[in-house]
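Structure first, then comments.
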Amino acid sequence: MERPSSNFEAAGTLAMETLATLGLSGSMGQSASSPPPSLLEEADDEVTPQQRLSHIVHTIEQDIIPRLLRSHADVRAVRQATRQAAARTGPPEPDAVEEATKLVLTGTEDGWAASIDAQLARGVSVEDIYIRLLAPAARELGRLWDEDLVSFTDVTLGVGRLQRAMRTLSPAFDQDKNGGTDGRRVLLIAAPGNGHSFGLMMVAEFFRRAGWDVVCDTSGDASDPVRRVAADWYDVVGISVGGDDQLAWLTAGLARVRDASRNPAIGVMVGGPVFSRDVNPAGTCGADCVVTDARLAPEVAQDLMCSRSGRLAAAA
């Protein structure tokens, strides 16, 4: 390849190669706002490298960029229409939660999978299946366990089926993912001794779809939030509390999390079954906020991250 004779020609060559890579080079000189073709047909000695580059920049600004923006708007419109159609379809039927709970406890794998497929066939959105079917079924399993109506083995197998369903639906759920992570990082972790992992996994799904980099630790007894935040940078940490016996850990534990964190402005969210019943404990445990709805968690975390960083900057 002949070496360009100037920086202008080099820049022009790079721009043309980039447009060709995008499959857009054919649009050069074809838009209504582009300079007339006669300008390009002049003798080489009458068209300077500066003019060539100016023409390329003009075409990119007046033709290529508007086309890309229109294309992006079309994608957004399709996604919005899909969400609206799902909203019109509505959530699962009222008895679907009861049926789902029975299926995960006593049904077959095929029967459980078929029930999820039936909801999708009705046009129920994956988000509604998450929030209005899987999550309530998990809570119902917890209630049955608390009242000694099912065995530990039954609950374990049932939650396993719910988790497999969520993993199967995850790729479809992520289709509405909002771009890249932009550096936002959240740690979702169970309080020491908390064996309730399903809700935490669902919250992680919503954070990923919102474009966060997510680290999710559901190890329960082996989890150590203090060690985690001391080892890596996180903007927000979300801690799931499963029972009243873990509230005693929160006050001292969250103070240690803040002291150990590599991010001095780390935001602390708490959630879990305890706070679904009573949100008052958050006021005394040192958390910034309580989140009991997985759908709202990313938005709350974003606001929390901004407000804490702002307060830290103002205090500096």
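Sort out which residues of the range 113-127 are crowded, with 18+ Cβ neighbours inside 10 Å and either on the phi > 0 side of the Ramachandran plot or in a helix (DSSP H, G or I) (or both), and write them in order of number.
SER115, ILE116, GLN119, VAL126, GLU127
Going through the range 219-245 one residue at a time, which ones are modelled with pLDDT of 80 or more and among the polar types (S, T, N, Q)? So that I can check it myself, show each step before the final result.
Narrowing the range 219-245 to residues modelled with pLDDT of 80 or more: 224-241.
Passing the criteria: only SER240.
Yes/no per residue for (1) touching a residue at least 12 places away in the same chain (Cβ under 8 Å); (2) of a type in the set (Ser, Thr, Tyr); (3) touching a strand residue (DSSP E or B) at 6+ places or on another chain (Cβ under 6 Å); (4) closer than 17 Å to ALA114 by Cα:
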site	(1), (2), (3), (4)
ILE131	yes, no, no, no
LEU134	yes, no, no, yes
LEU141	yes, no, no, no
ASP146	no, no, no, no
SER151	no, yes, no, no
GLY158	yes, no, no, yes
LEU162	yes, no, no, yes
ALA165	yes, no, no, yes
THR168	yes, yes, no, yes
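Looking at the range 224-244, which of its residues are farther than 19 Å from SER276 by Cα and either crowded, with 20+ Cβ neighbours inside 10 Å or among the hydrophobic types (A, V, I, L, M, F, W, C) (or both)?
PRO225, VAL226, VAL229, ALA230, ALA231, TRP233, TYR234, ASP235, VAL236
I'm told CYS216 meets every condition in (1) under 15 Å from ILE266 (Cα atoms); (2) in a strand (DSSP E or B) except one. Can you identify the failing condition by its number?
Against the list (1) under 15 Å from ILE266 (Cα atoms); (2) in a strand (DSSP E or B), CYS216 comes up short only on (1).
The values are calculated or read from the model by the stated rules, or taken from the named source; none is laboratory data. Predicted, not measured: the structure shown is a model, and the values here were computed from it. Note that each Cβ is placed from the backbone with ideal geometry, even for glycine, and that neighbours are counted across all protein chains shown.
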